[in-house]
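The structure appears right after this line, and notes come after that.
The values are calculated or read from the model by the stated rules, or taken from the named source; none is laboratory data. Small disclaimer: the values here were computed from a predicted structure and weren't measured. Here the Cβ is made from the backbone with ideal geometry for all residues, glycine too, and neighbour counts use every protein chain on show. Protein only, heavy atoms only, side chains kept; ligands, DNA and RNA dropped before computing areas. Shrake-Rupley method; radii C 1.70, N 1.55, O 1.52, S 1.80 Å.
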Amino acid sequence: IPDLEWSPSPMKGVYRRKIDRIGNEVARCTTVVKYDPNGKFHSHTHTGGEEFIVIDGEFNDKEGDYPAGTYCRHPIGSSHEPWTVKGCTILVKLQFMVDKTETESTVINWNDASLWKAISEGRQLLKLYENKNTKEHVWMERWAPGSSVDWTVGWGGEELFVVEGSFKNEKGDEDCELHSWLRLPPGDEGNEIKRTTKDGCLLFFKQGHLQPFVGKEDLGLK
């Protein structure tokens, strides 16, 4: 992602790195968005929901303030007119929600150490969201320096974003550096991957959210 150029948005002082986009200005998309200090975006409605993490700075809307380290999820039909005083960078996903029974926003600050749980030596997990109807799961993991993780790809597709640090997929010898994004489509379920990190990393994961779009040509998932 750091290799992608910033492109201007319709609003002055707001720039985007378009990772994945199906549609025009209103789109099913995954985007890194950068706001200059005192930047703002026009009022809009999330017809397919909105989900974001705050990478740096502080993001603001009518619901509250979201400092760096915040995970936020606004349901289908929600709306806001966001702004920032300090400036910020966020990773945002739009139009991926399908369950209209999800009506409340979710806000979690991953800097709260009490929310994390050790799941193995050198590996911690923080649950962010789970939907039993759609089988969507969202979570974060923190891997200590020198960790090696035997990973099995889950159901319904997976995505990850490297929030801090870096890791390597030993199969294929792929390096996932800071702010890299990786998608594994539905159909990869059960594949095993060994992942290692030299200096440690903080990772944002999503799983199962791609399954509702399988067979739809606009997402490229057959």
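The table below gives the values:
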read-out	value
Apportionment of accessible area to carbon and sulfur, the chain, percent (1.4 Å)	47
Highest to lowest packing among 135-143, 97-105, scored as the average C-beta count within 10 Å	135-143, 97-105
Computed over the stretch 83-175: relative contact order in percent, which uses C-alpha pairs under 8 Å that are six or more apart	15
Non-local Lys pairs in the stretch 38-185, i.e. 8 or more apart or on different chains, that have alpha carbons under 16 Å apart	6
Length gained when the stretch Leu115-Arg21 is fully extended (0.36 nm per residue, less Cα-Cα span)	30.6 nm
Average Cα contact separation per residue, the chain, under 8 Å, 6 or more apart, as relative contact order %	16
Å³ per residue enclosed by the Cα convex hull of the chain	127
